[in-house]
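The values are calculated or read from the model by the stated rules, or taken from the named source; none is laboratory data. All values reported here derive from a predicted model rather than from experimental measurement. With ideal geometry, Cβ positions are generated from the backbone for all residues, glycine too; neighbour counts draw on all protein chains shown. Surface areas here come from the heavy atoms of the whole protein model, side chains and all, with no ligands, DNA or RNA. Shrake-Rupley method; radii C 1.70, N 1.55, O 1.52, S 1.80 Å.
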Amino acid sequence: MHTAQVSAILLNFLREEIKKTGLTRAVLGLSGGVDSAVVCALAAQALPPENVFAFCLPYRTSHPESAAHARLCAETCGVSYQVMAITPQIDAYFDALDAEASALRRGNKMARERMTILYDHSAKLGGLVLGTS
């Protein structure tokens, strides 16, 4: 199968899945990595780019270059882009419950916090959350 065929299949899949929900917009997390950049680019091709909303959700230890890459991807794809740091809510949670929590627990909490933000914005904006899996 050629790249163009794979791309056409993925774009059709995205359009159909969004259409099934009755929505016309998409919401996604844009980390600055390859996987979220691919989802962003596909969403911007499947929908009008103005119907795609990308959120960069860094924690205080996130590499600044990641946010720069995310911004570049959003600008290149022509989608809406917003940065919302998750540091306050993550630190408040662990400061109150377990300041010695492992990196695994912190990472799990960060992933869940990012998804709650995306789902909240999907409800606000009327868009389907797109993931990378």
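Using 0.36 nm times the number of residues separating residue 92 and residue 76, minus their current alpha carbon distance, what extension gain do you get?
2.3 nm
Would you mind checking region 19-54 for residues with the amide N under 17 Å from a putative spin-label position 7 Å along Cα→C-beta of residue 84?
25-32, 52-54
So, with a 1.4 angstrom probe, what is the percent of accessible area on region 2-129 that is carbon and sulfur?
Accessible surface attributable to carbon and sulfur in region 2-129 totals 59 percent.
Quick one: dipole size for the chain, taken about the Cα centre, charges +1 on Lys/Arg Cβ and -1 on Asp/Glu Cβ, in debye to the nearest 20.
Taking the Cα centre of the chain as origin, the dipole is about 280 debye.
Taking every DSSP beta bridge that has both residues in the chain, what percent is antiparallel when rounded to the nearest 5?
Once the DSSP bridges in the chain are tallied, antiparallel ones form about 0 percent.
Between residue 105 and residue 45, what length comes free when the chain is fully extended (0.36 nm per residue of separation minus the Cα-Cα distance, one decimal in nm)?
Full extension of this stretch gives 18.0 nm more.
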